[in-house]
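Have a look at the structure below before the remarks.
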Amino acid sequence: MEPMFTPALHRQRHQFVIDFVKRKKPKKVLDLGCCECVLLKQLKFHREIELLVGLDIDGVQIKKKMHGLAPISTDYLQPSYDQLRIELYQGSVTEKDARLRGFDLVTSIELIEHLTLADVELFSEVVFGYLTPEAVIVSTPKL
Ligand code: SAH
């Protein structure tokens, strides 16, 4: 079957985040429901970012592909490389975690449709009432 959208919609959502990062230059970015770290792997090339954190409830998913976040030899040629720190946590967006506070940008791409309605309420409380980042990008393929 031919794809309905080119590039695929989930890639367009990642591109939206990347364009936002290029424009606003956040230093600390947190990706909720980072899954196999696809978005984080693209964000690590944005040199203004100093701290990149991924959170997912499923530690197995994170571990599967996280090696793609490790430095490659050309990274060391970038003068700003030393300033990038990447951290991955297993945990839930429904729980208040002090390590996730103080971010400039929090992203949640294709995550909320996986939550129960009660957990969406908790997600809102955690993100907007506790984490209180400068900017939040939430996307979902479901209406
Ligand atoms: N954001 C990814 C895709 C997300 S798929 C991307 O853009 O490619 C949804 C992810 O949300 C899954 O990895 C799932 O394990 C995670 N997830 C589901 N419930 C969660 C919760 N309560 N807290 C954190 N992550 C959760």
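The values are calculated or read from the model by the stated rules, or taken from the named source; none is laboratory data. No experiment lies behind these values; they were computed from the predicted model shown. With ideal geometry, Cβ positions are generated from the backbone for all residues, glycine too; neighbour counts draw on all protein chains shown.
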May I ask you to list the residues in the stretch 31-68 that are in a helix (DSSP H, G or I), touching a residue at least 24 places away in the same chain (Cβ under 8 Å) and either among the charged types (D, E, K, R) or more than 12 Å from the ligand (Cβ to nearest atom) (or both)? LYS41, LYS64, LYS65, MET66, GLY68
Check the stretch 93-105 and report whether any residue there is at pLDDT 95 or above, exposed (fewer than 12 other Cβ atoms within 10 Å of the Cβ), over 17 Å from CYS34 (Cα atoms) and out of contact with any Cys (no Cβ under 6 Å at 6 or more places or on another chain). yes
Considering only the stretch 16-37, state which residues are in contact with a strand residue (DSSP E or B) (Cβ under 9 Å, 6 or more places away or on another chain) and hydrophobic (A, V, I, L, M, F, W, C). PHE16, VAL17, PHE20, VAL21, VAL29, LEU30, LEU32, CYS34, CYS35, CYS37
Could you check the stretch 107-124 and list, in sequence order, the residues that are farther than 20 Å from PHE16 by Cβ, assigned to a helix (DSSP H, G or I) and either near the ligand (Cβ under 9 Å from one of its atoms) or among the hydrophobic types (A, V, I, L, M, F, W, C) (or both)? LEU117, ALA118, ASP119, VAL120, LEU122
Given the conditions (1) surrounded by fewer than 17 Cβ atoms within 10 Å (Cβ to Cβ); (2) more than 16 Å from the ligand (Cβ to nearest atom), report the number of the one that LYS28 does not fulfil. (1)
